Structure formats: structure tokens, C-alpha cells
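Asker: One structure is given below, represented as C-alpha cells, and several questions about it will come after.
The values are calculated or read from the model by the stated rules, or taken from the named source; none is laboratory data. In this text the structure is predicted, and so the values were computed from the model without any measurement. Cβ placement follows ideal geometry from the backbone for every residue including glycine, while neighbour counts extend to all protein chains displayed.
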Amino acid sequence: MTTIVNTPQSGESSDSGLVLILGVIMAIVLVVLFLVYGLPAIRQNSNEPVNTTVITVPVPGPTGATGATGATGATGADGVNGK
């Protein structure tokens, strides 16, 4: 009768920590990229005012005239002395 002996492998694997070293290097590269590009972009966006657009809409008066501009309607003034 044949006896089969299954010897366990040693505790070391064939990569000898190469995967761990590559993972640490990739993590360092990602942190550096975030510090170089990410933080300045976040700071630039946070310094801008939230509402910079001001929209002015002229509202006609009760008679339909726009007042001193004379854009629409008659104000009754001839433009010389405001009479």
C-alpha cells in the first residue's frame, strides 16, 4: 500500500510581500494626487459667493408708464422742465 504524504507549504508565498509594497505605493500616489489637485479645487469652489447673479426686472407703474425713463406710455412731461 502506498502512503501519500501531503507536505504543507511554507509560510512564505512566492510574491514575498510585493503586493503589499505595490498597494502602499498606490495609496501614497493617490494621497499625493488628492493633495495636489483635489484640495485646491475644493478650496477654490468654497471661496466663491453663493449667489452672484442679480436680475433686475423693470415693473411698470400703475398707469402703465415706467416713470422718468419714458420707455412706455405717456408721463405728461415734455422733457424740458419736467412739465
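Quick grid of which residues meet (1) surrounded by fewer than 10 Cβ atoms within 10 Å (Cβ to Cβ); (2) modelled with pLDDT of 90 or more; (3) part of a loop (DSSP other than H, G, I, E, B):
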site	(1), (2), (3)
THR2	yes, no, yes
SER16	yes, no, yes
GLY23	no, yes, no
PHE34	no, yes, no
GLY61	no, no, yes
ALA65	no, no, yes
ALA68	yes, no, yes
THR75	no, no, yes
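Asker: Given the structure, is THR56 β-branched (Val, Ile, Thr) and at pLDDT 85 or above? I'd like the intermediate steps shown before the answer.
Answerer: Details: β-branched (Val, Ile, Thr): yes; at pLDDT 85 or above: yes.
Yes: the conditions hold for THR56.
Asker: Only one of these is polar (S, T, N, Q) and either surrounded by 10 or more Cβ atoms within 10 Å (Cβ to Cβ) or modelled with pLDDT of 75 or more (or both): ASN81, ASN6, ASN47. Name it. First the steps, then the outcome.
Answerer: On the way: ASN81 fails: either surrounded by 10 or more Cβ atoms within 10 Å (Cβ to Cβ) or modelled with pLDDT of 75 or more (or both); ASN47 fails: either surrounded by 10 or more Cβ atoms within 10 Å (Cβ to Cβ) or modelled with pLDDT of 75 or more (or both).
Testing whether each residue is polar (S, T, N, Q) and either surrounded by 10 or more Cβ atoms within 10 Å (Cβ to Cβ) or modelled with pLDDT of 75 or more (or both) leaves just ASN6.
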